[in-house]
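Read the figures in this text as sums done on the coordinates, not as results from a lab. Because the structure is a prediction, the values reported are computed rather than measured. Positions of Cβ are backbone-derived with ideal geometry, glycine not excepted, and every protein chain shown enters the neighbour counts.
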Amino acid sequence: MPEVNILAIESSCDDTSAAVLRNTTLLSNVIANQAVHAAYGGVVPELASRAHQQNIVVVVETALKKASLMLKDLSAIAVTAGPGLSGSLLVGLSFAKAMAFALKIPLIATDHLRGHILSHFIEKKSPQPQFPFLVLCVSGGHTQIMKVNSYFDMQLIGHTIDDAAGETFDKAAKILGLPYPGGPIVDKLAKTGNPDAFMFAKAQMQGFDYSFSGLKTSFLYFLRDNLRQNPNFIKENLNDLCASFQKQIILSLTDKLIKASKALNIKEIALAGGVSANSCLQQSMKDLSVKYHWNLYVPDLQLSTDNAAMIGIAAYFQYLQKDFADWNLVPYTRYKSGELKVES
Ligand code: KG4
Ligand code: ZN
């Protein structure tokens, strides 16, 4: 197997990241988070693009340095082409394009969601999922169950028709007065809360699809009514509120996954995306794995939230197929079924 060194760049939302892989081995993975959004309760696209522009050179330089590689050692440059924020994607894409052009090496356009899913194939000691497997891909922008038949063939089984799970965590946190991103904070506060203290409406969706907007509205109205009676309601019940709300999201996520696993008779189950870092989701998935005899695969923390390592591994398999991008490549902002070879 020839040695393939890929520099990968990910800038789809509010993390500027660069990683270097030698074949499937991760040599470095550098992530610069953007604290600037915390004060606004969510990602401000204009500020995200500017921050990417400020960070990208140093992030790429650091990734190469940590990998002990020089530019001449690179075989290809990989970049997230979408989905994501247009301005954010453009920074990474233009940078990657210019680098590949100057170095006269191939440019590889990679899909962000394929990256999250294929992050499981980065070399590590623990076992990797066997095809076909089911993956619950849960992030700030996406919530879907996919059947992964190969590195390239991924079939959409179910998805959210409105808010994503991570977005729901973040919106609930905002309602509670917590900073962005709220998911990790809710996770932390929920640890000392009672998940059965409060009940919120759960969406009854057909098939394998999700809906989270009703839960968010039910949470909002519940708080509004209780705050009328007691202005300190949130303060006095913060941990229980986080635990109860979190439980509802996780129940919705896992119910459909159990259903899909039974319907497709697949017991290879993986998690991917930022929300897979949630400790309660991980615990309930472990419990379900025992109950349903699943082989469960959970990404390491640094590979669950946005990172360029996942783009590098997805690009490696594209490199082997000589799936290179044209110089007129432009980013796409929305989930593109064609990009993932998805059949719904
Ligand atoms: O995959 P990711 O980094 O970016 C997107 O592709 O969207 O996911 C970010 C999302 C955010 O909504 C964040 O609140 C959520 O993942 N998240 C969590 C946790 N860590 C990150 N949600 C719940 N519990 C966590 N521990
Ligand atoms: Zn992501």
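For this structure, a couple of remarks:
- For the chain, the mean residue ellipticity at 222 nm estimated from helices alone is -14000 deg cm²/dmol, where every DSSP H run of n ≥ 4 contributes -39500 (n - 2.57) and the total is divided by all residues, rounded to the nearest 500.
- Under the Karplus curve 6.51 cos²θ - 1.76 cosθ + 1.60, θ = phi - 60°, whole-Hz ³J(HN,Hα) for segment 251-264, x wherever Gly or Pro sits: 4, 4, 4, 6, 3, 6, 5, 4, 4, 5, 4, 5, 5, 9
- Measuring against 19 Å, Cα to Cα, the residue pairs 191/235; 202/262; 191/247 contain 202/262 as the ones spanning a longer distance.
- Ranking of 224, 334 by count of other Cβ atoms within 10 Å, fewest first: 334, 224
- Cα gyration tensor of segment 1-75 - equivalent ellipsoid semi-axes, whole Å, descending: 28, 11, 9
- Dipole size of segment 130-299 about its Cα centre, with +1 on Lys/Arg Cβ and -1 on Asp/Glu Cβ: approximately 200 debye, rounded to the nearest 20.
- If both residues of a DSSP beta bridge must be in the chain, then about 60% of such bridges are antiparallel.
- Excluding exposed DSSP-loop GluC sites (Glu not before Pro) (at most 11 other C-beta within 10 Å), longest clean stretch of the chain: 4-342
- As a proxy for reagent exposure, 297, 40, 292, 151 were ordered by neighbouring Cβ count within 10 angstrom, fewest first; the result is 40, 292, 151, 297.
- Within a Gaussian network of the chain (alpha carbon springs, distance under 10 Å), most fluctuating of 323, 170, 287: 287
- Other residues within the sphere of radius under 12 Å centred on the Cβ of residue 6, judged by their own Cβ, net out at -1 (K and R +1, D and E -1).
- Proxy reagent accessibility, fewest Cβ within 10 Å first, across 266, 56: 266, 56
- Relative contact order [Cα under 8 Å, 6+ residues apart], segment 130-299, whole percent: 28
- Between amide H atoms placed 1.01 Å from N, distances below 5 Å from residue 157 occur with 145, 146, 147, all of them 5 or more places distant or on a separate chain.
- Length-normalised contact order of the chain in % [C-alpha pairs under 8 Å, at least 6 apart]: 25
- Inter-probe distance in nm under a simple model that places probes 7 Å from Cα toward Cβ, at residue 202 and residue 236: 2.8
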